[in-house]
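The values are calculated or read from the model by the stated rules, or taken from the named source; none is laboratory data. None of these values were measured; they are calculated from a predicted model. Cβ placement follows ideal geometry from the backbone for every residue including glycine, while neighbour counts extend to all protein chains displayed. In case anyone asks, the SASA skips ligands and DNA or RNA and just uses the protein heavy atoms, side chains included. Shrake-Rupley method; radii C 1.70, N 1.55, O 1.52, S 1.80 Å.
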Amino acid sequence: MNGRWTEPVDPKSLPESRLLQALSGHVPDRTPIWMMRQAGRYLPEYRELRARAGDFLTLCYTPDYAAEVTLQPIRRFGFDAAILFSDILVVPHALGCGLAFEAGEGPRLETITSSSDLARLSSRLDPEKIDRVYEAVAKVRTGLPAETALLGFCGAPWTVATYMVAGRGTDDQMPARLAALNDPVFFGALIDRLVEASSLYLIGQLRAGADAVQIFDTWSGVLDPEGFRRWTIGPIARIVRAVRASVPQARIIAFPKGATLSGLIELATTAGVDAVGLDWTADRRGVRAALGGRCALQGNLDPLRLIAGGHALDKGIDALMEDFRGAAHIFNLGHGIRPETPIAHVEQMLRRVRGF
Ligand code: CP3
């Protein structure tokens, strides 16, 4: 199977971007590559601008800064896609949920644990905040060549809700899992609010110039099969429907980290996404056999191989490229790049994937 699920087309009518070619089911002349968290602390130019901005949220809400940080990894490495520099927690923040990023501590949010907490939040996104994000999208698009796709994104409602309920990151997301079981009325209403806000947020990014969007469900792997269906697949499927109702050609990638093979298959078929993102534990051949003719496959190098470098890195890349040869594949890591990753290893990866 060559991975193409749309009708054969005249190659001249294909989009210039290899990433968009793969998202429409074509196998590009070489595998497109980008990295989750490609703008970030492993880059000295990021650390320098971050220090100048003083605060992470200032970086996110200042269009010139956000655009600059988005473009840094493109200038340095020439990835096939830029991903908007922002954060998934901008959505709760723009709904009125207090948010701060303490240096070295991760995010701290006002906790939302009951229907009365939820009633205090706005039902619309604060334009003072999100219009700045859209402005950054428009700025980046004008600074990018046509062959480089611009990705917008949001967090999946489940993952965003885990941070809102706990007020911070936790190891196993116990607070949100318990809230979903003990108070499904509250929890369902929280998810509904996030479905609606995230749909509008993605539509805004696509209208501002994003070529495709990714929905990050970083914590879907802690759910049992019923929970995965209800809190990961359901909300993502509703977002996809709402976005396509406004932007019919929208290209959408879902990244359900930690999903099982059957979870991935059910998500892709139910939600009708254009690609699924795979973490490094995914059964690549199983996923390809089930979904290779239906959507693009993105992933899934273990980010620790990128820290290790050398033979461990080359071997991981070769196995991955072999498993997805001839498929509509977008090369990526199985999760975000870690801050301690040497830049030389990113260069080694790019040379190997591109074959020079
Ligand atoms: O991928 C990119 O380069 C685009 C920008 C981006 C960031 N966060 C920047 C960021 C994206 C797409 C995200 C998504 C995000 N944010 C997720 C989902 C993906 C994933 O990695 O699992 C989650 C769960 C968050 C929430 C979040 N933001 C946490 C838990 C933290 C602290 C821990 C950490 O990794 O630093 C952040 C902060 C954050 N978001 C940083 C960056 C570059 C580091 C902030 C700093 O400079 O100190």
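Tell me the residue from Tyr201, Tyr163 that is in a helix (DSSP H, G or I) and touching a Gly at 6+ places or on another chain (Cβ under 8 Å), please.
Tyr163
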| remark: Within the range 309-353, residues being closer than 24 Å to Arg75 by Cα and either touching a His at 6+ places or on another chain (Cβ under 8 Å) or open to solvent by 40 Å² or more (accessible area, probe 1.4 Å) (or both) number 11
| message | Out of the residues in the range 298-356 meeting the condition of being touching a Lys or Arg at 6+ places or on another chain (Cβ under 7 Å) and without any contact (Cβ under 8 Å) to a residue 24 or more places away in the chain, tell me which one is nearest to Leu19 (Cα to Cα). | response | Gly316
| said: Can you confirm whether Arg37 is open to solvent by 20 Å² or more (accessible area, probe 1.4 Å), touching a residue at least 24 places away in the same chain (Cβ under 8 Å) and assigned to a loop (DSSP other than H, G, I, E, B)? | reply: yes
| task | Kindly check whether there is at least one residue in the range 63-82 that is farther than 28 Å from Ala149 by Cβ, in a strand (DSSP E or B) and of a type outside the set (S, T, N, Q). | result | no
| Unique match (being more than 24 Å from Leu194 (Cα to Cα) and out of contact with any Gly (no Cβ under 7 Å at 6 or more places or on another chain)) among Leu23, Leu59 | Leu23
| Can you name the residue in the range 152-194 that is over 16 Å from the mean Cα position of the chain (by Cα) and β-branched (Val, Ile, Thr) and, of all such residues, is most open to solvent (accessible area, probe 1.4 Å)? | Val185
| said: Go through (1) of a type in the set (A, V, I, L, M); (2) within 15 Å of the ligand (Cβ to nearest atom); (3) open to solvent by 20 Å² or more (accessible area, probe 1.4 Å); (4) within 22 Å of Ala250 (Cα to Cα) for Ala100 and report which single condition fails. | reply: (4)
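Which residues, taken from the range 195-215, are open to solvent by less than 30 Å² (accessible area, probe 1.4 Å) and in contact with a strand residue (DSSP E or B) (Cβ under 6 Å, 6 or more places away or on another chain)?
Result: Ser198, Tyr201, Leu202, Gln205, Ala210, Ala212, Val213, Gln214, Ile215.
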| task | Give the residues of the range 309-330 that are in a loop (DSSP other than H, G, I, E, B) and farther than 13 Å from Met349 by Cβ, sorted by residue number. | result | Phe324, Arg325, Gly326, Ala327, Ala328
| task | Take Arg244 and decide whether it is under 20 Å from Val27 (Cβ atoms) and open to solvent by 10 Å² or more (accessible area, probe 1.4 Å). | result | no
| query | Failed condition for Leu301, given (1) over 23 Å from Ile253 (Cα atoms); (2) open to solvent by less than 20 Å² (accessible area, probe 1.4 Å), with all others met? | reply | (1)
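Results for (1) charged (D, E, K, R); (2) surrounded by fewer than 16 Cβ atoms within 10 Å (Cβ to Cβ); (3) within 11 Å of the ligand (Cβ to nearest atom), shown as yes or no for each residue.
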residue: Phe85; (1), (2), (3): no, no, yes
residue: Gly104; (1), (2), (3): no, yes, yes
residue: Ser116; (1), (2), (3): no, yes, no
residue: Ala119; (1), (2), (3): no, yes, no
residue: Arg124; (1), (2), (3): yes, yes, no
residue: Lys129; (1), (2), (3): yes, no, no
residue: Glu147; (1), (2), (3): yes, yes, no
residue: Leu150; (1), (2), (3): no, no, no
| task | Only one of these is more than 12 Å from the ligand (Cβ to nearest atom), of a type in the set (D, E, K, R) and in contact with a helix residue (DSSP H, G or I) (Cβ under 8 Å, 6 or more places away or on another chain): Arg75, Arg18, Arg30, Arg41. Name it. | result | Arg30
| task | Name every residue in the range 88-120 that is closer than 28 Å to Leu151 by Cα, hydrophobic (A, V, I, L, M, F, W, C) and not in a helix (DSSP H, G or I), in order of residue number. | result | Ile88, Leu89, Leu95, Cys97, Leu99, Ala100, Phe101, Ala103, Leu109
| Which of the residues that make up the range 132-145 are outside any loop (DSSP other than H, G, I, E, B) and either closer than 14 Å to Val91 by Cβ or open to solvent by less than 60 Å² (accessible area, probe 1.4 Å) (or both)? | Arg132, Val133, Tyr134, Ala136, Val137, Ala138, Val140, Arg141
| request: Would you confirm whether any residue within the range 335-351 is under 19 Å from the mean Cα position of the chain (by Cα) and among the hydrophobic types (A, V, I, L, M, F, W, C)? | output: yes
| said: Pairs please, first residue from the range 45-62 and under 11 Å from Ser86 (Cβ atoms) and more than 11 Å from the ligand (Cβ to nearest atom), second anywhere and open to solvent by less than 60 Å² (accessible area, probe 1.4 Å) and not aliphatic (A, V, I, L, M), Cβ atoms under 8 Å, 6+ apart in sequence or on different chains. | reply: Tyr61/Lys129
